[in-house]
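> Here you go, one structure.
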Amino acid sequence: MKEKIEMHSLLLMHYSITLTNGTEIESSFDDEPVEVGMGTGVLTEGMELALYGLQTGDRQTLTLTPEQGFGLRDEDNIHMMPVSDFPDDLKPESGLVFEFETPGGEDILGTVLAVKSDSAEVDFNHPLAGQPLVFTVEILDINNAHAKISDQ
């Protein structure tokens, strides 16, 4: 009997994420497969839900709602920042994406929306927030050995 993807499965898979207009965001199909642990936060909850019950050899394509992908856009995640907060060698320009460190020490991406004389408007929403996504997976291998140990 083939193993099915469970809550703590370790997967070897190919995947792609595209916009609904066909623009490819990322894909492993032309590269090495990726190893992903279910429940580790690597995939969004909606992406994980799309995988439960699949078996080795299964291929599936689903359109995920923004909530299942990277969430809805939140206007509260748009902030004005002093231009002096940016690196001296990299001045903010509209459309540039920077990595910022939060007060808690986490790295977060921010996209510059507009630059005024001494401040920049930065959007800290995930770049794919608010967009439906087409998620394609091909399951190459499933390892549930550690899942059975942790479920006992």
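The values are calculated or read from the model by the stated rules, or taken from the named source; none is laboratory data. Every value quoted in this text rests on a predicted model; they were computed, and no experiment measured them. Every residue, glycine among them, receives a Cβ derived from its backbone with ideal geometry; neighbour counts consider all protein chains shown.
> Do we find a residue being under 17 Å from residue 134 (Cβ atoms), in a strand (DSSP E or B) and at pLDDT 95 or above anywhere in the range 94-115?
no
> Yes or no: residue 74 among the charged types (D, E, K, R) and either in contact (Cβ under 8 Å) with a residue 40 or more places away in the chain or in contact with a Phe, Trp or Tyr (Cβ under 9 Å, 6 or more places away or on another chain) (or both)? I'd like the intermediate steps shown before the answer.
Numbers: among the charged types (D, E, K, R): yes; either in contact (Cβ under 8 Å) with a residue 40 or more places away in the chain or in contact with a Phe, Trp or Tyr (Cβ under 9 Å, 6 or more places away or on another chain) (or both): yes.
Spelling it out, residue 74 is indeed among the charged types (D, E, K, R) and either in contact (Cβ under 8 Å) with a residue 40 or more places away in the chain or in contact with a Phe, Trp or Tyr (Cβ under 9 Å, 6 or more places away or on another chain) (or both).
> Here is a follow-up. Identify the residue in the range 4-20 that is of a type in the set (A, V, I, L, M) and in a strand (DSSP E or B) and, among all such residues, is surrounded by the most Cβ atoms within 10 Å (Cβ to Cβ).
11
> What number goes with the only condition from (1) exposed (fewer than 11 other Cβ atoms within 10 Å of the Cβ); (2) hydrophobic (A, V, I, L, M, F, W, C); (3) in contact (Cβ under 8 Å) with a residue 12 or more places away in the chain that residue 1 does not pass?
(3)
> Does residue 41 fit the bill of being more than 23 Å from residue 20 (Cα to Cα), assigned to a loop (DSSP other than H, G, I, E, B), under 14 Å from the mean Cα position of the chain (by Cα) and at pLDDT below 95? Full working, then the answer.
On the way: more than 23 Å from residue 20 (Cα to Cα): yes; assigned to a loop (DSSP other than H, G, I, E, B): yes; under 14 Å from the mean Cα position of the chain (by Cα): yes; at pLDDT below 95: yes.
It is true that residue 41 is more than 23 Å from residue 20 (Cα to Cα), assigned to a loop (DSSP other than H, G, I, E, B), under 14 Å from the mean Cα position of the chain (by Cα) and at pLDDT below 95.
> OK, next. Of all residues in the range 23-65, which are farther than 28 Å from residue 145 by Cβ and touching a strand residue (DSSP E or B) at 6+ places or on another chain (Cβ under 8 Å)? Before you say what the answer is, go through the steps one by one.
In the first step, residues of the range 23-65 are kept if they are farther than 28 Å from residue 145 by Cβ; the result is 23-27, 30, 61, 63-65.
Those that are farther than 28 Å from residue 145 by Cβ and touching a strand residue (DSSP E or B) at 6+ places or on another chain (Cβ under 8 Å): 24, 25, 26, 27, 61, 63, 64.
> Within the range 116-149, track down each residue that is in a loop (DSSP other than H, G, I, E, B), surrounded by 14 or more Cβ atoms within 10 Å (Cβ to Cβ) and among the polar types (S, T, N, Q). Explain how you work it out, then say what you get.
Taking the range 116-149 first, the residues in a loop (DSSP other than H, G, I, E, B) are 116-118, 124-132, 144.
Narrowing the set further to residues that are surrounded by 14 or more Cβ atoms within 10 Å (Cβ to Cβ) leaves 124-126, 128-132, 144.
Of everything in the range 116-149, those that are in a loop (DSSP other than H, G, I, E, B), surrounded by 14 or more Cβ atoms within 10 Å (Cβ to Cβ) and among the polar types (S, T, N, Q) turn out to be 125, 131, 144.
Conditions tested, residue by residue: (1) under 15 Å from the mean Cα position of the chain (by Cα); (2) in a helix (DSSP H, G or I); (3) small (Gly, Ala, Ser).
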| site | (1), (2), (3) |
| --- | --- |
| 47 | yes, yes, no |
| 76 | no, yes, no |
| 79 | no, no, no |
| 87 | no, no, no |
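> I would also like to ask the following. So if I check each of 65, 102, which one is more than 14 Å from residue 137 (Cα to Cα) and either outside the structural domain of residue 140 (by TED's automatic domain parsing) or crowded, with 16+ Cβ neighbours inside 10 Å (or both)?
Answer to the check: 102.
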